[in-house]
Amino acid sequence: MTHPLFQKFRLGQLELANRVAMAPLTRNRAAAGNRAASLTAEYYAQRASAGLIVAEGSQVSPMGQGYLATPGIHSPEQVAAWKVVTDSVHEAGGHIFLQLWHVGRVSHVSLLPGGAAPLAPSAVTANTKTYLGQGFEPVSAPRALEVSEIPGIIDDFRRGAANALAAGFDGVEIHAANGYLIDQFMKDGANMRTDSYGGSIDNRTRLLAEVAAAACAEIGRDRVGVRLSPAGPINGCADSAPQALFELAMDKLEAIGPVYVHMIEGITGQTRDTNPVVDFAALRKRYSGVYMANNCLDGAAAQAALDDGRADMVSFGRAFIANPDLVRRLRDGEPLNQLDRATLYGGGAQGYTDYPALP
Ligand SMILES: Cc1cc2nc3c(=O)[nH]c(=O)nc-3n(C[C@H](O)[C@H](O)[C@H](O)COP(=O)(O)O)c2cc1C
């Protein structure tokens, strides 16, 4: 019998073809004006047999951009370009959410309007690098957001959610992971604030809750997911006591009610081991919605996570870059194409739309 991983699954109002998601993957191939490129429609349509595609992180405002040639979701031209992508995925029978992104301090003055300093909870430079086209460069020193500016950030996400629906997406995923703005507010290694957005874990999870609530109010809880990465450091962002912090984050999300939480279990793309240890099963228990597990999984581990009740859905990142027909390969036990790391960021069709599907 076919494993439940490969059977239909209800996510809010959507009936997904299976429980396998394509994780959000930045590819730095956007066209002028940070519009999704025409090749992007083909790239995602090739991967439409995923139960759900979570399209790459897309900045909700010009100040939310942190890498060269990432797509946005704040201008009418960007919405129109994304509509071509969502139409092609829907024609191929798939479902697609858009990841809403504000990078916060993980940016560079050369990418930001008027050469502005990146925005952050506190004026602490991240120990990380960004992609500027000719390779990776250290990020710029940020400035701390005034408390009066925070409603504007929440509104950027709210408008991003509305724009995503206008562009034909089935929903949005709020990027609250990987050391970007919302994660920077949560983790005590990046947030030194002394106002109502810093200090206690209640204060540090305030922005997450406000953004999630605003997106849910705008487009409906059934259309909103949230991505978290409790472990660290990632992009130079870590917390000294992540278990209590993320238990509270899950409690708040339980009350707000987004349809799924997409959990990066471990250090993104590196390891499932964490220090300090994060008890993901305990986090999951606090939230009754769909729990999507990610990070360094293979087909056997994904099936085991479902069998053991540790997850409702599973996502794959790198394997989906190299295997447009990943679901079929996992289901039939077929070998996987190898990932070409040299073509991950920037460029054209090579390493993007030319990975072969099985005949
Ligand atoms: C090229 C590349 C780009 C990525 N871009 C994003 C992104 O835009 N948003 C995000 O939340 N995670 C991003 N990630 C992390 C992946 O979504 C995923 O969490 C990670 O690859 C671990 O999953 P895997 O072991 O199945 O690859 C990216 C990873 C890679 C390799």
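So, in region 39-52, how many residues would count as being touching a Pro at 6+ places or on another chain (Cβ under 6 Å) and within 16 Å of the ligand (Cβ to nearest atom)? I'd like the intermediate steps shown before the answer.
Taking region 39-52 as the starting set, the residues that turn out to be touching a Pro at 6+ places or on another chain (Cβ under 6 Å) are 46-47.
Add one more test, that the residue is within 16 Å of the ligand (Cβ to nearest atom), and what stays is 47.
Total satisfying the criteria: 1.
Based on what the data block shows, is Gly309 closer than 19 Å to Leu39 by Cβ and surrounded by fewer than 17 Cβ atoms within 10 Å (Cβ to Cβ)?
no
Read through the list (1) in contact with a Lys or Arg (Cβ under 9 Å, 6 or more places away or on another chain); (2) assigned to a loop (DSSP other than H, G, I, E, B); (3) at negative phi, then give the number of the only condition that Ala69 fails.
(3)
Determine whether Leu283 is buried (at least 20 other Cβ atoms within 10 Å of the Cβ) and away from the ligand (no atom under 15 Å from the Cβ).
yes
Tell me which residues, restricted to region 91-132, are within 16 Å of the ligand (Cβ to nearest atom) and on the phi > 0 side of the Ramachandran plot.
Gly104
Looking only at region 221-232, count how many residues are out of contact with any Phe, Trp or Tyr (no Cβ under 7 Å at 6 or more places or on another chain) and without any contact (Cβ under 8 Å) to a residue 60 or more places away in the chain. I'd like the intermediate steps shown before the answer.
To start, the set of residues in region 221-232 that are out of contact with any Phe, Trp or Tyr (no Cβ under 7 Å at 6 or more places or on another chain) comprises 221-224, 226-227, 229, 231-232.
Checking the rest, the ones that are also without any contact (Cβ under 8 Å) to a residue 60 or more places away in the chain come to 226, 229, 231-232.
Of the residues in that region, 4 qualify.
Among what's in region 320-334 and is more than 10 Å from Leu358 (Cα to Cα) and among the charged types (D, E, K, R), pick the residue that is surrounded by the most Cβ atoms within 10 Å (Cβ to Cβ).
That would be Arg331.
So is Arg318 basic (Lys, Arg) and out of contact with any Pro (no Cβ under 8 Å at 6 or more places or on another chain) or not? Break it down into steps so the answer makes sense when it comes.
Values: basic (Lys, Arg): yes; out of contact with any Pro (no Cβ under 8 Å at 6 or more places or on another chain): yes.
Considered against the rule, which asks whether it is basic (Lys, Arg) and out of contact with any Pro (no Cβ under 8 Å at 6 or more places or on another chain), Arg318 comes out as yes.
Conditions first: (1) free of Cβ contacts under 8 Å to residues at least 24 places away in the same chain; (2) closer than 21 Å to Ala212 by Cα. Pro76 passes all but one, so which condition is the exception?
Of everything listed in (1) free of Cβ contacts under 8 Å to residues at least 24 places away in the same chain; (2) closer than 21 Å to Ala212 by Cα, Pro76 misses just condition (2).
Which numbered condition in (1) within 23 Å of Gly269 (Cβ to Cβ); (2) in contact with a strand residue (DSSP E or B) (Cβ under 8 Å, 6 or more places away or on another chain) is the only one that Val224 fails?
Only one criterion in (1) within 23 Å of Gly269 (Cβ to Cβ); (2) in contact with a strand residue (DSSP E or B) (Cβ under 8 Å, 6 or more places away or on another chain) is unmet by Val224, namely (1).
I'd like to verify a number: residues in region 119-175 that are in a strand (DSSP E or B) and over 18 Å from Ala214 (Cα atoms), how many?
Number satisfying all stated conditions: 10.
Check off (1) in contact with a Leu (Cβ under 6 Å, 6 or more places away or on another chain); (2) within 12 Å of Ala50 (Cα to Cα); (3) not β-branched (Val, Ile, Thr) for Arg328 and give me the number that stays unchecked.
(1)
Out of region 9-38, which residues are in a helix (DSSP H, G or I) and within 16 Å of the ligand (Cβ to nearest atom)?
The answer is Asn34, and nothing else.
Could you check how many residues of region 80-137 are among the basic types (Lys, Arg) and within 23 Å of Gly152 (Cα to Cα)?
Here the count works out to 1.
Among the residues of region 102-158, count how many are among the basic types (Lys, Arg) and surrounded by fewer than 18 Cβ atoms within 10 Å (Cβ to Cβ).
2
Any read-out appearing in this document is the output of simple, stated calculations on the displayed coordinates, not a laboratory observation. Just so it is clear, the model here is predicted, and its values are computed rather than measured. Neighbour counts run over all protein chains shown; Cβ positions are idealised from the backbone, glycine included.
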